[in-house]
Amino acid sequence: MDPVLCALDFSENSPVVLKAAVNLAAHFHTRLIVLYAYRIIPENETIADYRRTIVKKAQENFAQLEKKLGLNGSIPYEFRAEVGFLSDRIKSSVQANRVGFVVIGQRLASEIIEQKGMTLEGFIGQAPVPVLIVPEMQAQP
């Protein structure tokens with residue numbers, strides 16, 4: 001099977017989303033591409049410095065998730081931090097990597113739907129591959 005693409009935002013639900021993507025990739029014996037998309041909106045830094053700061057922080061956040069989930073070699077995977085709108089980065093990654101499945105959290109899916117002015121059905125119907133939307137986890141009392 002073609003790779004699984006997992007879009008993350010490093011929110012509280014990210015471990016659950018990543019775990020779902022890892023399980024899917026393991027089930028299909030395929031590799032996992034983990035995507036973090038960000039926008040360049042520097043405040044007091046140059047664009048290059050801002051980009052380095054964002055990528056470094058994203059890599060640190062992903063390293064924490066790797067450790068938390070024990071990903072060390074369980075499946076082949078790679079982490080990518082890319083500049084742009086998430087919907088555009090997903091579309092580009094799906095095309096460039098022949099992705100077979102996209103895993104995304106409910107919050108990120110809602111953001112894409114809102115940005116694009118579409119419904120959930122429209123979002124899923126427009127996707128070139130199957131999409132798994134992982135629900136947000138409720139805080140435990």
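Extension gain for M118-S92 works out to 7.4 nm (0.36 nm per residue, less the C-alpha to C-alpha distance). Bridging of K56 to aspartates and glutamates at a Cα separation below 16 Å is possible for D9, E45, E66, E78, E82, once same-chain residues fewer than 8 apart are set aside. Neighbours of E45, meaning other residues whose beta-carbon lies under 10 angstrom from its beta-carbon, give a summed charge of 0 when Lys and Arg score +1 and Asp and Glu score -1. Placing +1 on each Lys and Arg Cβ and -1 on each Asp and Glu Cβ, with no other charges, gives the chain a dipole about its Cα centre of roughly 340 debye. Across the range 4-134, the relative contact order, built from alpha-carbon pairs under 8 Å that are at least six residues apart, equals 34 percent.
Here the simple spin-label model places points 7 Å from the Cα toward Cβ, and for A63 and A26 these points are separated by 2.4 nm. Listed by chain and number, the lysines placed with their C-alpha closer than 17 angstrom to that of K19 are K67, K68; residues fewer than eight positions away on the same chain are left out.
Counting every C-alpha pair in the range 21-60, the share spaced more than 14 angstrom apart comes to 57%. Note on R52/E12: beta-carbon distance plugged into 1/(1 + (r/R0)^6) with R0 of 41 Å gives a FRET efficiency of 0.95.
Pick from P42, P128, P15: which residue has the top mean-square fluctuation in a GNM of the chain where Cα pairs under 10 Å get a spring? Its mean-square fluctuation being the largest, the pick is P42.
Positive-end ranking of F101, Y50, S74 along the dipole of the chain, with charges on Cβ about the Cα centre, is headed by S74. Each part gets one Cα centre, and for the range 78-141 versus the range 27-69 those centres are 16 Å apart.
No lab work stands behind these numbers, since they all come straight from the coordinates. The model shown is predicted, which means the values in this text are computed figures rather than measured ones. Quick reminder, even Gly has a Cβ in these numbers, built from the backbone with ideal geometry, and neighbours come from all protein chains shown.
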